[in-house]
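One structure is given below, encoded as structure tokens.
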Amino acid sequence: MAVDYLGHYSPDIQAQVAQLRQQGKLGAYLLKRHPQVHQIRSDRALYDYTMAIKNQYLRQSSPIAKVCFDDKITLSHHALGLHTYAARRQGNKLKSKNEIRISSKLKYVPEGFLRMLVVHELAHLREKEHNKAFYKLCQYMEPDYHQLEFELRIYLTLADAGEDPYQG
Ligand SMILES: [Zn+2]
């Protein structure tokens, strides 16, 4: 079943997107905003990329043990990425480690889309819920956060339908 990536936007916006798509202009809209895909292809590069953002904005937050691309994450309305917080007992100490997994579907997209998702998962280091404080933190790290999320959702709509503007 197709995921409705744009379901929580206003009917007005959804109608505009649908119209552009019907006219075959939606891919061009994305290409104009973001002409190029990023070059972050390995888990190592993704880790470095994520840590650079963390060190700039969230230096004090808990460390991250691992960052990787994951083939098994299906991008859906709820989970564009995954932040796991694995707690395990070691002796009588409770050890925890943060891991960030990013869907492999984001290997060949514009940098802004990847950045939006990385920022989202980093914000979960401080805020578990998607509340006001959470989105404030996202916008602190990436002022264009909401616009990028919108464009990422447009991209996913196209990509799922086999109309990925960044392929071929
Ligand atoms: Zn989240």
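Within the stretch 114-143, work out how many residues are buried (at least 19 other Cβ atoms within 10 Å of the Cβ) and part of a helix (DSSP H, G or I).
13
If I ask for residues that are part of a helix (DSSP H, G or I) and at pLDDT 90 or above, which ones from the stretch 158-168 would you list?
Leu158, Ala159 - these are the residues of the stretch 158-168 that are part of a helix (DSSP H, G or I) and at pLDDT 90 or above.
Being exposed (fewer than 15 other Cβ atoms within 10 Å of the Cβ), at pLDDT below 90 and more than 12 Å from the ligand (Cβ to nearest atom): is that true of Ala79 here?
Considered against the rule, which asks whether it is exposed (fewer than 15 other Cβ atoms within 10 Å of the Cβ), at pLDDT below 90 and more than 12 Å from the ligand (Cβ to nearest atom), Ala79 comes out as no.
The values are calculated or read from the model by the stated rules, or taken from the named source; none is laboratory data. All values reported here derive from a predicted model rather than from experimental measurement. We place every Cβ from the backbone using ideal geometry, glycine too, and count neighbours over all the protein chains shown.
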